[in-house]
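Undergrad: One structure, pasted below without further comment.
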Amino acid sequence: MIISYVIIDNCFTFIFDKLSIIIFIINLYCQGNKEISTFNAIFYLSFFQKFTKYNMIFKSNNNNMLIKFIVYGLLGLLIEIFFTGIMSLIKSKDFTLIGHTYIWMFFIYGSAVFLEKIHDTIRNKNFIIRGGIWSLVIFVIEFITGFLLEKIIGICPWDYSGNSPYTILGYIRLDYLPYWFILGLLFEKVHDYIENSIPILKKTLK
């Protein structure tokens, strides 16, 4: 019975993984790399599953950093897709819940791995101070990456121009401060969870 369960589990894992890749590619081609259905966002999770299944990823600290980069990147895409999907319902009454993101965002969110030392430095501070620091850090990252992308590819993917009177050059929106405040505190929880999970995964996969 156990053998049957393992076989069935591996079959479903294989099918789920392949299906997620196919749906992801179809979304990119059919929707011009811009819009991905909120309901399809769950398939991003299979990519995390694929990376955490193999022990070779966890052989060194450098590889630990790589897996954290991937996790942060995928989680960032998921959050952005769900957020924009919900906002499309609130603002446009769009019950299809179409969310959108950009592949560039994977690398930007993934770079959160380099912010872990900031978390370690401020973790004993009051949450209001920590949230304020994260808001400032995110504003700086958003401005710099928006500026660089506009210079490299000719456009800032999240150009806020015309969307808010509180935007600065279209790169950042000051009225998004509460969102970044919460996102920064959420990052702290994710960081600690990943740090605690990697040793367990290493032990499990030995």
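The values are calculated or read from the model by the stated rules, or taken from the named source; none is laboratory data. All values derive from a computational prediction rather than experimental measurement. Positions of Cβ are backbone-derived with ideal geometry, glycine not excepted, and every protein chain shown enters the neighbour counts.
Undergrad: Could you figure out which of (1) loosely packed, with under 12 Cβ neighbours inside 10 Å; (2) in a helix (DSSP H, G or I); (3) at pLDDT below 95 isn't true of Leu183?
TA: (1)
Undergrad: Would a scan of the range 101-115 turn up a residue that is within 18 Å of Trp158 (Cα to Cα) and in contact with a strand residue (DSSP E or B) (Cβ under 7 Å, 6 or more places away or on another chain)? So that I can check it myself, show each step before the final result.
TA: We begin by selecting, within the range 101-115, every residue within 18 Å of Trp158 (Cα to Cα); these are 101-111.
Now narrow it down to the ones that are in contact with a strand residue (DSSP E or B) (Cβ under 7 Å, 6 or more places away or on another chain): 101.
Yes, the conditions are met somewhere in the range 101-115.
Undergrad: Restricting the search to the range 88-120, which residues are surrounded by fewer than 18 Cβ atoms within 10 Å (Cβ to Cβ), free of Cβ contacts under 8 Å to residues at least 40 places away in the same chain and farther than 23 Å from Val137 by Cβ?
TA: Leu89, Ile90, Lys91, Ser92, Lys93, Asp94, Phe95
Undergrad: Please work out which one of (1) surrounded by 12 or more Cβ atoms within 10 Å (Cβ to Cβ); (2) polar (S, T, N, Q); (3) out of contact with any strand residue (DSSP E or B) (no Cβ under 7 Å at 6 or more places or on another chain); (4) not in a helix (DSSP H, G or I) is the condition Ser135 fails and give its number.
TA: (4)
Undergrad: Right, another one. Given (1) within 20 Å of Phe82 (Cβ to Cβ); (2) part of a loop (DSSP other than H, G, I, E, B); (3) not β-branched (Val, Ile, Thr), identify the lone condition not met by Tyr176.
TA: Result: Tyr176 passes all but (2).
Undergrad: Hey, another quick one. Kindly list, by first and then second residue, each pair from a residue in the range 125-153 that is more than 16 Å from Met105 (Cα to Cα) to a residue that is not in a helix (DSSP H, G or I), limited to pairs with Cβ atoms under 9 Å and residues at least 6 apart or on different chains.
TA: Arg130/Arg123; Ile133/Lys125
Undergrad: Right, here's the next one. Of everything in the range 153-165, what is closer than 20 Å to Val140 by Cβ and either in contact with a strand residue (DSSP E or B) (Cβ under 6 Å, 6 or more places away or on another chain) or exposed (fewer than 11 other Cβ atoms within 10 Å of the Cβ) (or both)? Give them in sequence order.
TA: Tyr160, Ser161, Ser164, listed by residue number.
Undergrad: Next up: Looking for whichever is assigned to a helix (DSSP H, G or I) and under 20 Å from Phe69 (Cα atoms) here; the options are Glu150, Glu142. Which one fits? Spell out the reasoning first.
TA: Details: Glu150 fails: under 20 Å from Phe69 (Cα atoms).
Criteria check complete, one pass: Glu142.
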